[in-house]
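Colleague: Once you've had a glance at the structure underneath, I'll fire off some questions.
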Amino acid sequence: MSERANFKNTLGIILATAGSAVGLGNVWRFPYIAGENGGASYIIIYIICVLLLGIPCMVSEFIIGRHSASNTARAYNKMGNRWWGIVGLLSVATGFLITCYYVIVSGWCFQYMYATLAGELNGNADYYIQYFNDFSSNPWKPVVCAVAFMAVTHFVIIHGIRGGIERASKVLMPALFVLLLVIVVSSCMLPGASKGIEFLLFPDFSKINANVFLDAMGQSFYSLSIGMGCICTYASYFSRRTNLSRSAIQISVIDCMVAILAGLMIFPAAFSVGVQPDSGPSLIYITLPNVFQQAFSAAPFVGKVVSFAFYALMSLAALTSLISLHEVSTAFFQEELKISRRVSALIVSCGTGFIGIFCSLSLGGVDWLTFNGMTMFDIFDFVTGQIFLPIVGFFACLFIGWYVPKSVVRDEFTNWGTLKDSLFGLFLFCVRFICPTGILAVFVNQLLS
Ligand code: PHE
């Protein structure tokens, strides 16, 4: 038996993996797309995508990780061959590159927590745009925040799987949930909040078209952290008793719930003050500070508390995702270079931090970091999310669906025959046909648009 570290119990597994899935994407992408594209009808489409694409892909990555009990690159090598190893390597590279820019956006949350306390977040709509542009293009402030964020992540990582990741997730995820509920309740109690709830939930099937469908598929992959090595790496620490399909379902339910609740946090407040919400970083760093300030102008103190709670919430969501991203590379360097976990974590923190600094500087008008009108930051985001992620996801499905012997897949799926295999046929069908086709469609669509 190997002496590989593992999670202590199922709760730890669910919370840590859900921590990876629940991230900035749940707040800044899902609610807006849902509201714009048919509300409840979009949510139904999204749930179908999660069921038919997201969950089978997640279970596939679980199988690869748990079966090989190694870092992601080696996992594909072990279960396949050198060529499949390239997919694993690409997966680790994707995780590494995302870490570089994710830490920058995460660091911004720290600045906004501070800014709320220091009373810097008040002014009109233009002020918030100016504030964000000044801050994000400042050469050193975002870097300091990112370094602080990375330091916290590093601290968790060096304490290992049980003592670090699992322990942190068990505290951070419930805290995230409480903060989310507090803000949802405050937001839904504002005058005129019902219009926002309607915007998010009112079903409008006429808005559903092929593009909306493709978008929902893409979002389900990103939101469940598929194709970045996170799921596979965490699964390498699962025990043989972990029920893989049930865990994937539970994690997806948590992820969807947070995404929907995020909508109930944003839209009631935004509609109550008549501000049009948007998506992406500008939503959480420009639109929402303005919304919170205006919505609670009658009770500025409550406004401050809500705003602070919001950035604390964003920090927690980002932190648990960043931890999972960091772990992908840490496990890789540790096992491939045969070095200690501490040294490996240090390499990752310094390496991604260093590259991250350039991503951050690229937003500040450092000319040579902008290529063809795209900043280095945008390029990292585009290449990882729109190119590497679908490639890895696609091959992971082909790997489990067609290459790995069916008996191995079935054994992992049913925990060596101890669990019912009634869903196995459906799972295999999705992984063989539906997922690769779906991913290919998303990929081509994104490249063409
Ligand atoms: N799933 C995260 C989100 O919704 C993003 C993420 C991607 C996290 C990859 C970790 C790894 O924001």
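The values are calculated or read from the model by the stated rules, or taken from the named source; none is laboratory data. Being a predicted model, the structure only gives us computed values, none of them experimental. Quick reminder, even Gly has a Cβ in these numbers, built from the backbone with ideal geometry, and neighbours come from all protein chains shown. Just so you know, the surface numbers come from the protein's heavy atoms only, side chains and all, with ligands and any DNA or RNA stripped out. Shrake-Rupley method; radii C 1.70, N 1.55, O 1.52, S 1.80 Å.
Colleague: Tally up the residues in the range 408-431 that are in a helix (DSSP H, G or I), open to solvent by less than 80 Å² (accessible area, probe 1.4 Å) and farther than 17 Å from Phe62 by Cβ, please. It would help to see each step written out before you state the result.
Modeller: Residues of the range 408-431 that are in a helix (DSSP H, G or I), as a first pass: 408-413, 424-431.
Still in the running and open to solvent by less than 80 Å² (accessible area, probe 1.4 Å): 408-409, 411-413, 424-425, 427-428, 430-431.
With the extra rule that they be farther than 17 Å from Phe62 by Cβ, the set shrinks to 425.
Total meeting the criteria: 1.
Colleague: In this structure, is Ser344 in contact with a Ser or Thr (Cβ under 7 Å, 6 or more places away or on another chain), assigned to a helix (DSSP H, G or I) and open to solvent by less than 50 Å² (accessible area, probe 1.4 Å)? I'd like the intermediate steps shown before the answer.
Modeller: Details: in contact with a Ser or Thr (Cβ under 7 Å, 6 or more places away or on another chain): yes; assigned to a helix (DSSP H, G or I): yes; open to solvent by less than 50 Å² (accessible area, probe 1.4 Å): yes.
Criteria met by Ser344.
Colleague: Could you please find all residues in the range 317-341 being in a helix (DSSP H, G or I) and either without any contact (Cβ under 8 Å) to a residue 24 or more places away in the chain or surrounded by fewer than 24 Cβ atoms within 10 Å (Cβ to Cβ) (or both)? Write out each step before concluding.
Modeller: Taking the range 317-341 and keeping what is in a helix (DSSP H, G or I), we get 317-336, 341.
Matches in the range 317-341: Leu319, Phe333, Gln334, Glu335, Glu336, Arg341.
Colleague: Name the residue, out of Leu200, Leu224, Leu179, that is at pLDDT 95 or above, away from the ligand (no atom under 16 Å from the Cβ) and open to solvent by less than 60 Å² (accessible area, probe 1.4 Å). Even if it seems obvious, please write down each step before you answer.
Modeller: On the way: Leu200 fails: at pLDDT 95 or above; Leu224 fails: away from the ligand (no atom under 16 Å from the Cβ).
Only one candidate qualifies: Leu179.
Colleague: Considering only the range 249-259, state which residues are within 15 Å of the chain's Cα centre (by Cα) and aliphatic (A, V, I, L, M).
Modeller: Let us first name the residues in the range 249-259 that are within 15 Å of the chain's Cα centre (by Cα), namely 251-259.
Of everything in the range 249-259, those that are within 15 Å of the chain's Cα centre (by Cα) and aliphatic (A, V, I, L, M) turn out to be Ile251, Val253, Ile254, Met257, Val258, Ala259.
Colleague: For the range 1-112, which helices (runs of 4 or more DSSP H) that fit wholly inside it have 3 or more residues that are over 15 Å from the mean Cα position of the chain (by Cα) and touching a residue at least 12 places away in the same chain (Cβ under 8 Å)? Even if it seems obvious, please write down each step before you answer.
Modeller: Details: elements: 10-21, 24-28, 30-36, 40-49, 55-68, 72-79.
Fully inside the range 1-112 and qualifying: 10-21, 30-36, 40-49, 55-68, 72-79.
Colleague: Take the residues of the range 362-403 that are charged (D, E, K, R) and touching a helix residue (DSSP H, G or I) at 6+ places or on another chain (Cβ under 9 Å): which is surrounded by the most Cβ atoms within 10 Å (Cβ to Cβ)? Talk me through it step by step, then tell me what you get.
Modeller: First, the residues of the range 362-403 that are charged (D, E, K, R): 367, 378, 381.
Restricting the remaining residues to those that are touching a helix residue (DSSP H, G or I) at 6+ places or on another chain (Cβ under 9 Å) gives 378, 381.
Values: Asp378: 16, Asp381: 18.
Checking each candidate, the answer is Asp381.
Colleague: Does the range 229-243 include one or more residues that are open to solvent by 30 Å² or more (accessible area, probe 1.4 Å) and either within 14 Å of the ligand (Cβ to nearest atom) or under 16 Å from the mean Cα position of the chain (by Cα) (or both)?
Modeller: There is no residue in the range 229-243 that is open to solvent by 30 Å² or more (accessible area, probe 1.4 Å) and either within 14 Å of the ligand (Cβ to nearest atom) or under 16 Å from the mean Cα position of the chain (by Cα) (or both).
Colleague: For the range 106-157, how many residues are more than 18 Å from Val291 (Cβ to Cβ) and either of a type outside the set (A, V, I, L, M) or open to solvent by less than 30 Å² (accessible area, probe 1.4 Å) (or both)?
Modeller: Within the range 106-157, the first condition is being more than 18 Å from Val291 (Cβ to Cβ), and the residues that meet it are 106-107, 110-111, 114, 117-118, 133-157.
Pick out the ones that are also either of a type outside the set (A, V, I, L, M) or open to solvent by less than 30 Å² (accessible area, probe 1.4 Å) (or both) and you get 106-107, 110-111, 114, 133-143, 145-146, 149-150, 153-157.
The qualifying residues number 25.
Colleague: Restricting to the range 8-26, count the residues that are buried (at least 24 other Cβ atoms within 10 Å of the Cβ) and within 8 Å of the ligand (Cβ to nearest atom).
Modeller: Residues that pass the stated criteria total 5.
Colleague: Can you run down the residue pairs with Cβ atoms below 6 Å, 6 or more apart or on separate chains, where the first is in the range 287-307 and under 17 Å from Tyr131 (Cα atoms) and among the small types (Gly, Ala, Ser) and the partner is open to solvent by less than 40 Å² (accessible area, probe 1.4 Å) and part of a helix (DSSP H, G or I)?
Modeller: Ser307/Thr116; Ser307/Phe292
Colleague: Can you tell me which residues in the range 30-46 are open to solvent by 10 Å² or more (accessible area, probe 1.4 Å), within 16 Å of the ligand (Cβ to nearest atom) and farther than 13 Å from Leu261 by Cα?
Modeller: Ile33
Colleague: Also, I was wondering about something else. Does Pro300 satisfy being more than 30 Å from Phe413 (Cβ to Cβ), within 16 Å of the ligand (Cβ to nearest atom), open to solvent by 10 Å² or more (accessible area, probe 1.4 Å) and not aromatic (Phe, Trp, Tyr)?
Modeller: Working: more than 30 Å from Phe413 (Cβ to Cβ): yes; within 16 Å of the ligand (Cβ to nearest atom): no; open to solvent by 10 Å² or more (accessible area, probe 1.4 Å): yes; not aromatic (Phe, Trp, Tyr): yes.
No, not satisfied.
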